[in-house]
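One structure is given below, encoded as C-alpha coordinates.
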Amino acid sequence: MIHPATELRFINEQVGYGVVATALIPRGTITWVKDDLDQTFAPAEIRAMAPPYRQILDKYTYVDESGLHVLCWDIARFVNHSCDPTCRAPGYDLEVAVRDIQPGQELTDDYGSLNIGPGFTTCRCGSPRCRQEIDPDDLVRHAQEWDAELRAVVPSMEKVDQPLWFFVQEKAQLEDVFAGRAPMASCLETYYERRPARARGQTRRRAGG
Ligand SMILES: [Zn+2]
(Lines give C-alpha, C1' and ligand atoms only; values in the text may rest on other atoms or scores of the structure.)
Protein backbone atom coordinates (compact mmCIF):
# COMPACT_ATOMS: atom_id res chain seq x y z
CA MET A 1 0.00 0.00 0.00
CA ILE A 2 1.37 3.32 -1.09
CA HIS A 3 1.48 6.36 1.23
CA PRO A 4 -1.89 8.20 1.18
CA ALA A 5 -0.32 11.56 0.24
CA THR A 6 0.44 10.40 -3.32
CA GLU A 7 -1.21 10.40 -6.73
CA LEU A 8 -0.58 8.96 -10.17
CA ARG A 9 0.68 11.64 -12.55
CA PHE A 10 1.93 11.74 -16.14
CA ILE A 11 5.67 12.51 -15.90
CA ASN A 12 6.77 12.74 -19.55
CA GLU A 13 6.71 10.79 -22.82
CA GLN A 14 9.86 8.84 -21.98
CA VAL A 15 8.95 7.82 -18.41
CA GLY A 16 5.17 7.66 -18.75
CA TYR A 17 3.28 7.72 -15.45
CA GLY A 18 4.79 7.97 -11.98
CA VAL A 19 3.77 8.33 -8.34
CA VAL A 20 4.04 11.88 -7.01
CA ALA A 21 3.73 13.28 -3.46
CA THR A 22 0.69 15.54 -2.88
CA ALA A 23 2.09 16.81 0.46
CA LEU A 24 5.49 16.80 2.11
CA ILE A 25 6.51 13.23 2.98
CA PRO A 26 9.31 13.65 5.53
CA ARG A 27 12.47 11.57 5.56
CA GLY A 28 11.92 8.43 7.65
CA THR A 29 8.28 8.01 6.59
CA ILE A 30 7.26 4.51 5.52
CA THR A 31 6.15 5.15 1.93
CA TRP A 32 4.97 1.66 0.98
CA VAL A 33 4.10 -1.59 2.74
CA LYS A 34 3.30 -4.95 1.19
CA ASP A 35 -0.28 -5.63 2.21
CA ASP A 36 -2.83 -8.44 2.06
CA LEU A 37 -4.38 -7.17 -1.18
CA ASP A 38 -1.14 -7.41 -3.19
CA GLN A 39 -1.16 -10.53 -5.40
CA THR A 40 1.72 -12.99 -5.62
CA PHE A 41 2.49 -15.37 -8.49
CA ALA A 42 4.90 -18.29 -8.63
CA PRO A 43 7.10 -18.41 -11.75
CA ALA A 44 5.33 -21.61 -12.94
CA GLU A 45 1.94 -19.87 -12.70
CA ILE A 46 3.22 -17.03 -14.88
CA ARG A 47 4.73 -19.42 -17.42
CA ALA A 48 1.30 -21.06 -17.78
CA MET A 49 -0.37 -17.74 -18.65
CA ALA A 50 -1.05 -16.33 -22.11
CA PRO A 51 1.60 -13.87 -23.40
CA PRO A 52 -0.45 -10.67 -22.84
CA TYR A 53 -0.77 -11.51 -19.12
CA ARG A 54 2.92 -12.39 -18.91
CA GLN A 55 3.83 -8.99 -20.43
CA ILE A 56 1.72 -7.18 -17.83
CA LEU A 57 3.30 -9.11 -14.96
CA ASP A 58 6.76 -8.60 -16.42
CA LYS A 59 6.22 -4.84 -16.45
CA TYR A 60 4.44 -4.36 -13.13
CA THR A 61 5.76 -6.95 -10.68
CA TYR A 62 8.84 -7.16 -8.51
CA VAL A 63 10.32 -10.39 -7.17
CA ASP A 64 10.52 -11.06 -3.45
CA GLU A 65 13.25 -12.97 -1.59
CA SER A 66 11.50 -16.31 -2.19
CA GLY A 67 11.23 -15.77 -5.95
CA LEU A 68 7.52 -14.90 -5.99
CA HIS A 69 6.36 -12.11 -8.30
CA VAL A 70 4.38 -9.45 -6.43
CA LEU A 71 1.76 -7.33 -8.20
CA CYS A 72 0.78 -4.28 -6.15
CA TRP A 73 -2.97 -3.64 -6.29
CA ASP A 74 -2.71 0.15 -6.00
CA ILE A 75 -0.62 2.86 -7.73
CA ALA A 76 2.53 1.49 -6.04
CA ARG A 77 3.08 -0.52 -9.22
CA PHE A 78 3.77 2.75 -11.08
CA VAL A 79 6.72 3.81 -8.87
CA ASN A 80 9.62 4.52 -11.24
CA HIS A 81 13.30 3.67 -10.93
CA SER A 82 16.06 6.07 -9.97
CA CYS A 83 19.71 5.31 -9.24
CA ASP A 84 19.36 7.97 -6.51
CA PRO A 85 15.85 7.12 -5.30
CA THR A 86 13.71 8.94 -2.75
CA CYS A 87 12.67 5.59 -1.20
CA ARG A 88 14.57 2.43 -0.32
CA ALA A 89 13.62 -1.00 1.03
CA PRO A 90 15.40 -2.36 4.10
CA GLY A 91 15.14 -6.08 4.92
CA TYR A 92 11.37 -5.88 5.53
CA ASP A 93 8.32 -5.77 3.25
CA LEU A 94 8.25 -1.98 3.15
CA GLU A 95 10.00 1.11 1.78
CA VAL A 96 11.15 4.22 3.61
CA ALA A 97 11.75 7.81 2.42
CA VAL A 98 15.51 8.32 2.62
CA ARG A 99 15.07 12.10 2.21
CA ASP A 100 12.24 14.61 2.35
CA ILE A 101 9.90 14.21 -0.61
CA GLN A 102 8.41 17.59 -1.54
CA PRO A 103 4.88 18.01 -2.93
CA GLY A 104 5.07 17.35 -6.67
CA GLN A 105 8.25 15.29 -6.36
CA GLU A 106 8.24 11.66 -7.51
CA LEU A 107 8.50 8.68 -5.20
CA THR A 108 11.16 6.49 -6.78
CA ASP A 109 12.97 3.34 -5.76
CA ASP A 110 15.94 1.41 -7.11
CA TYR A 111 14.93 -1.42 -9.45
CA GLY A 112 18.34 -2.94 -8.73
CA SER A 113 16.83 -3.92 -5.37
CA LEU A 114 13.70 -5.59 -6.78
CA ASN A 115 15.20 -8.82 -8.16
CA ILE A 116 13.88 -7.96 -11.59
CA GLY A 117 15.02 -10.01 -14.54
CA PRO A 118 17.76 -8.92 -16.93
CA GLY A 119 15.24 -7.12 -19.21
CA PHE A 120 15.54 -3.62 -17.69
CA THR A 121 19.16 -2.77 -18.33
CA THR A 122 19.66 0.75 -19.63
CA CYS A 123 18.91 3.63 -17.27
CA ARG A 124 18.42 7.28 -18.16
CA CYS A 125 17.40 8.52 -14.72
CA GLY A 126 19.73 11.50 -15.12
CA SER A 127 21.09 11.29 -11.58
CA PRO A 128 24.81 11.93 -11.02
CA ARG A 129 24.72 8.52 -9.30
CA CYS A 130 23.29 6.82 -12.43
CA ARG A 131 24.79 3.37 -12.94
CA GLN A 132 23.70 3.30 -16.63
CA GLU A 133 23.10 -0.46 -16.49
CA ILE A 134 20.67 -1.90 -13.93
CA ASP A 135 21.40 -5.47 -12.93
CA PRO A 136 19.57 -7.85 -10.56
CA ASP A 137 22.85 -8.31 -8.67
CA ASP A 138 23.18 -4.57 -7.98
CA LEU A 139 21.57 -5.34 -4.62
CA VAL A 140 24.53 -7.50 -3.65
CA ARG A 141 27.06 -4.98 -4.99
CA HIS A 142 25.53 -1.93 -3.30
CA ALA A 143 23.98 -3.40 -0.13
CA GLN A 144 26.48 -1.74 2.22
CA GLU A 145 25.94 1.72 0.73
CA TRP A 146 22.14 1.34 0.64
CA ASP A 147 22.01 -0.04 4.20
CA ALA A 148 24.02 2.95 5.41
CA GLU A 149 21.43 5.30 3.85
CA LEU A 150 18.61 3.35 5.47
CA ARG A 151 20.20 3.09 8.91
CA ALA A 152 20.79 6.84 8.91
CA VAL A 153 17.01 7.46 8.74
CA VAL A 154 16.09 5.23 11.71
CA PRO A 155 16.02 8.12 14.24
CA SER A 156 13.60 10.02 11.94
CA MET A 157 11.32 6.99 11.53
CA GLU A 158 10.27 7.20 15.17
CA LYS A 159 9.55 10.92 15.05
CA VAL A 160 7.48 11.30 11.88
CA ASP A 161 3.84 10.33 11.30
CA GLN A 162 3.56 6.77 9.98
CA PRO A 163 0.13 6.52 8.32
CA LEU A 164 0.98 3.04 7.01
CA TRP A 165 1.99 1.62 10.41
CA PHE A 166 -1.23 -0.45 10.66
CA PHE A 167 -0.17 -2.46 7.59
CA VAL A 168 3.43 -3.14 8.70
CA GLN A 169 3.93 -6.85 9.30
CA GLU A 170 7.31 -6.59 11.07
CA LYS A 171 6.17 -4.19 13.83
CA ALA A 172 8.03 -6.05 16.62
CA GLN A 173 11.30 -6.13 14.65
CA LEU A 174 11.02 -2.40 13.87
CA GLU A 175 10.26 -1.56 17.49
CA ASP A 176 13.50 -3.38 18.41
CA VAL A 177 15.30 -1.22 15.85
CA PHE A 178 13.78 2.01 17.24
CA ALA A 179 14.73 0.98 20.80
CA GLY A 180 18.31 0.27 19.74
CA ARG A 181 18.01 -3.46 20.53
CA ALA A 182 18.71 -4.52 16.93
CA PRO A 183 20.11 -2.97 13.75
CA MET A 184 17.83 -2.33 10.78
CA ALA A 185 17.69 -5.56 8.76
CA SER A 186 19.92 -5.35 5.70
CA CYS A 187 18.38 -4.80 2.27
CA LEU A 188 20.28 -7.97 1.31
CA GLU A 189 17.58 -9.98 3.08
CA THR A 190 15.25 -9.15 0.20
CA TYR A 191 17.68 -10.60 -2.37
CA TYR A 192 16.56 -13.55 -4.48
CA GLU A 193 19.41 -15.55 -5.98
CA ARG A 194 18.49 -16.56 -9.51
CA ARG A 195 19.78 -19.92 -10.62
CA PRO A 196 21.48 -20.09 -14.00
CA ALA A 197 19.29 -21.95 -16.52
CA ARG A 198 21.63 -24.95 -16.71
CA ALA A 199 21.46 -25.46 -12.93
CA ARG A 200 17.67 -25.78 -12.81
CA GLY A 201 16.61 -28.95 -11.05
CA GLN A 202 19.81 -29.08 -9.00
CA THR A 203 20.15 -28.05 -5.40
CA ARG A 204 20.71 -24.34 -4.97
CA ARG A 205 24.34 -23.58 -4.32
CA ARG A 206 23.59 -21.63 -1.18
CA ALA A 207 21.36 -24.35 0.25
CA GLY A 208 24.04 -26.96 -0.41
CA GLY A 209 26.67 -24.88 1.41
ZN1 LIG B 1 20.13 5.69 -13.41
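The values are calculated or read from the model by the stated rules, or taken from the named source; none is laboratory data. Because the structure is a prediction, the values reported are computed rather than measured. Every residue, glycine among them, receives a Cβ derived from its backbone with ideal geometry; neighbour counts consider all protein chains shown. The protein model used for the area step is the full one, side chains on, heavy atoms only, and it has no ligands, DNA or RNA in it. Shrake-Rupley method; radii C 1.70, N 1.55, O 1.52, S 1.80 Å.
Whole number in Å², please: accessible area per residue of region 1-63, 1.4 Å probe, ligands, DNA and RNA not counted. Don't skip to the answer; put the middle values down first.
Numbers: 3620 Å² over 63 residues.
Value for region 1-63: 57 Å² per residue.
Kindly work out what percent of the DSSP beta bridges joining two residues of the chain are antiparallel, to the nearest 5. Don't skip to the end; give the middle numbers.
Details: 21 of 23 bridges.
Antiparallel bridges make up about 90 percent of those DSSP assigns within the chain.
Can you tell me the relative contact order of the chain? Whole percent, Cα pairs under 8 Å, sequence separation 6 or more. Don't skip to the end; give the middle numbers.
On the way: 384 pairs, mean separation 53.0, N = 209.
Relative contact order here is 25 percent.
Can you give the FRET efficiency to the nearest 0.05 for D74 and A179, using r as the Cβ-Cβ distance and R₀ = 22 Å?
Values: r = 31 Å, r/R0 = 1.41.
E between D74 and A179, to the nearest 0.05, is 0.10.
Among S186, L174, H3, flag the residue with its Cα farthest along the positive direction of the charge dipole of the chain, charges on Cβ as +1 for Lys/Arg and -1 for Asp/Glu.
Looking along the dipole axis, the top candidate is S186.
Probe radius 1.4 Å, ligands and nucleic acids ignored: give me the carbon and sulfur share of the accessible area of the chain as a rounded percent. Could you put the intermediate results ahead of the total?
On the way: 5850 of 11300 Å².
Here carbon and sulfur together make up 52 percent of the probe-accessible area.
Size of the dipole of the chain about the Cα centre, Lys and Arg at +1 and Asp and Glu at -1 on the beta carbon, nothing else charged, in debye to 20? Write out the running numbers ahead of the final one.
Working: 24 positive and 31 negative charges, 156 e Å.
So the dipole magnitude of the chain works out to roughly 760 debye.
For region 1-150, what does the alpha-carbon gyration tensor say about shape, rounded, prolate or oblate, given a ≥ b ≥ c as the root eigenvalues, a/c under 1.5 as rounded, and a/b over b/c as prolate?
Working: a/c = 1.42, a/b = 1.28, b/c = 1.11.
Rounded.
For region 71-145, which chymotrypsin sites (Phe, Trp or Tyr not before Pro) pass both filters: DSSP loop (anything but H, G, I, E, B) and at most 15 other C-beta atoms within 10 Å?
Numbers: sites: W73, F78, Y92, Y111, F120; in loops: W73, Y92, F120.
Taking region 71-145 and a limit of 15 other Cβ atoms within 10 Å, the loop chymotrypsin sites (Phe, Trp or Tyr not before Pro) found are W73.
I want the local charge near L107. Using Cβ-Cβ distances under 14 Å, sum +1 for each Lys or Arg and -1 for each Asp or Glu among the other residues. Could the numbers behind the result be given before it?
On the way: positive: R9, R27, R77, R88, R99; negative: E7, D74, D84, E95, D100, E106, D109, D110.
With Lys, Arg at +1 and Asp, Glu at -1, the neighbours total -3.
With +1 on each Lys and Arg Cβ and -1 on each Asp and Glu Cβ, and nothing else charged, work out how big the dipole of region 23-79 is about its Cα centre, in Debye to the nearest 20. Don't jump to the answer; show the numbers that get you there.
Working: 6 positive and 8 negative charges, 50 e Å.
Using only the charged Cβ atoms, the result is roughly 240 debye.
Would you work out if region 1-50 is rounded, prolate or oblate? Take a ≥ b ≥ c from the square roots of the eigenvalues of the alpha-carbon gyration tensor; rounded if a/c is under 1.5, else prolate when a/b is larger than b/c, oblate otherwise. Write out the running numbers ahead of the final one.
Working: a/c = 3.51, a/b = 1.54, b/c = 2.29.
Taking the square roots of the gyration eigenvalues as a ≥ b ≥ c, region 1-50 is oblate.
Between T40 and K159, take the C-beta separation as r, use R0 = 25 Å, and let me know the FRET efficiency to the nearest 0.05. Walk me through the numbers on the way to the answer.
Working: r = 33 Å, r/R0 = 1.32.
FRET efficiency, T40 to K159: 0.15.
Between the alpha-carbon centers of region 103-129 and region 45-81, tell me the distance in whole angstrom.
Measuring centre to centre over Cα atoms gives 16 Å.
Near V63, within a Cβ-to-Cβ distance under 12 Å, what is the net charge of the other residues, with Lys and Arg +1 and Asp and Glu -1?
Values: positive: R194; negative: D58, D64, E65, E193.
The answer is -3.
Determine the shape class of region 83-124: with a ≥ b ≥ c the square roots of the Cα gyration tensor eigenvalues, call it rounded for a/c under 1.5, and otherwise prolate if a/b is greater than b/c, oblate otherwise.
oblate
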